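**Student:** Before anything else, here's the structure in question.
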Amino acid sequence: MPGVEEEKRALCSVVVPVYNEEEVILETCKRLRDVMDASGADYEILLVNDGSRDATASLAAEVCRADPRFKLISFSRNFGHQIAISAGMDYAEGDAIVVIDADLQDPPAVILEMLKKWREGYEVVYGKRISHEGISLFKKLTSRLFYRFLNRMTEVNMPVDVGDFRLIDRKVCDALKLVNERNRYIRGLISWLGFRSASVGFVREKRFAGETKYPLRKMIRFALDAITSFSYKPLKLASYMGLLISFFSFAYLLVVIWQRVFTDTTIEGWASSLAVSLFFNGIILIILGIVGEYIGRIYDEVKGRPLYVVSRTENIGAERQGSLYLRNR
Ligand code: UDP
Ligand code: MG
């Protein structure tokens, strides 16, 4: 634990993934600077530009040129939110690392409370959403259901209603860097790592400007990543359903034999047999799809491509660039 003397010298890194955030980035940088100035810690703010196609990159570069505490890591294309966070953690040099969204939905002032908890000795301090403001009922409902469903599916105990807005200690960050998986669900991985954790409650605000960068398609993919990287239960579904169906089919077979031998009734109807056959074909295809989700992810892992490719940086020392330009496994 840092003592009173060391406390002042503690370096805090703030990782901000940004994707097409031209409308908010300047405001976010300003507010982060104000909050971090008030924190009494030394700090660096790492803006990870996840392949934005608008003016985000040039605005971020301007901020960096005006203030060396701001650093920019620009990806060559859009690699995804979770990978942008990972890159920020790779480049972060702080004793404490905070991950925060760029859209000001996570209020920067909460960082001060997180730092306080960290100084008390907690290694993971996550922000817990106590209420949402201006978020669609659909998103609210699906996210509530999802976190609870995920907890039932996995053995890892993950706090519910918690996003990536959190502070982690240097130790946790180093441990996280040892995790090499591709389709990553960072908040789950941090729970999986363990460590002493605490939470601070906050009200999740409305997006400052712009629209969500998580359309339904990305949300579904994210949910599938979370489930497949922490649970085999969907695969077991096939065996359970297979057993159940075999049991009933066998029972029915006995009935059919009995009818044939001891009665005169012959059962008619190709429609009913067609319906039954289509039903089970449907089930088989669903199960194949589930297996496919896992195989696709295994394929991704096996190819072993770099997690991300950086096309340009600002205020990152040349000696660090060489080794981290491409993050290999
Ligand atoms: N983001 C990113 N890459 C993406 C999508 C999003 O870096 O492919 C960033 C985005 O700029 C923001 C954060 O991730 O800082 C969260 O995204 P957003 O606010 O759109 O998600 P929501 O809050 O609607 O779930
Ligand atoms: Mg947001």
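The values are calculated or read from the model by the stated rules, or taken from the named source; none is laboratory data. Note that the coordinates shown come from a computational prediction; the quantities given were computed from them, not determined experimentally. Cβ placement follows ideal geometry from the backbone for every residue including glycine, while neighbour counts extend to all protein chains displayed.
**Student:** Taking strands (runs of 3 or more DSSP E) that fall entirely within segment 1-100, which contain at least 1 residues that are under 21 Å from V162 (Cβ atoms) and out of contact with any Pro (no Cβ under 6 Å at 6 or more places or on another chain)?
**Tutor:** Working: elements: 11-18, 42-49, 70-75, 96-99.
Fully inside segment 1-100 and qualifying: 11-18, 96-99.
**Student:** Step by step: first the residues of segment 249-283, then only those that are in a loop (DSSP other than H, G, I, E, B) and β-branched (V, I, T), then the one that is nearest to K236 (Cα to Cα). Which residue is that?
**Tutor:** Going through the qualifying residues, I end up with I267.
**Student:** Still on this model: Looking only at segment 207-224, count how many residues are of a type in the set (F, W, Y) and within 7 Å of ligand 1 (Cβ to nearest atom).
**Tutor:** Total meeting the criteria: 1.
**Student:** Is there a residue being touching a residue at least 40 places away in the same chain (Cβ under 8 Å) and more than 16 Å from ligand 1 (Cβ to nearest atom) anywhere in segment 130-145?
**Tutor:** Yes.
**Student:** Could you please give the count of residues in segment 186-206 that are within 12 Å of ligand 1 (Cβ to nearest atom) and surrounded by 18 or more Cβ atoms within 10 Å (Cβ to Cβ)?
**Tutor:** 2
**Student:** Checking the structure you have, find out if any residue of segment 110-124 is without any contact (Cβ under 8 Å) to a residue 40 or more places away in the chain and either of a type in the set (K, R) or within 15 Å of S13 (Cα to Cα) (or both).
**Tutor:** Scanning segment 110-124, I find at least one residue that is without any contact (Cβ under 8 Å) to a residue 40 or more places away in the chain and either of a type in the set (K, R) or within 15 Å of S13 (Cα to Cα) (or both), so the answer is yes.
**Student:** Give all pairs with beta carbons closer than 9 Å in which a residue from segment 54-82 that is farther than 17 Å from L32 by Cα and within 16 Å of ligand 2 (Cβ to nearest atom) meets a residue that is of a type in the set (D, E, K, R) and part of a strand (DSSP E or B); count only pairs at least 6 apart in sequence or on separate chains.
**Tutor:** H81/D164; Q82/D164
**Student:** Only residues that are within 17 Å of K117 (Cα to Cα), surrounded by 19 or more Cβ atoms within 10 Å (Cβ to Cβ) and among the charged types (D, E, K, R): list them for segment 165-185, please.
**Tutor:** R166, D169
**Student:** Considering each of D67, D101, D90, D106 in turn, give the residue that is within 16 Å of I45 (Cβ to Cβ), more than 14 Å from ligand 1 (Cβ to nearest atom), of a type in the set (D, E, K, R) and crowded, with 20+ Cβ neighbours inside 10 Å.
**Tutor:** Answer to the check: D90.
**Student:** Would you mention how many residues in segment 99-113 are away from ligand 2 (no atom under 16 Å from the Cβ) and under 20 Å from the mean Cα position of the chain (by Cα)?
**Tutor:** Final tally of qualifying residues: 1.
**Student:** Given the residues K139, K128, which is the only one that is at pLDDT below 90, within 19 Å of the chain's Cα centre (by Cα) and either of a type in the set (D, E, K, R) or closer than 20 Å to T313 by Cβ (or both)?
**Tutor:** K139
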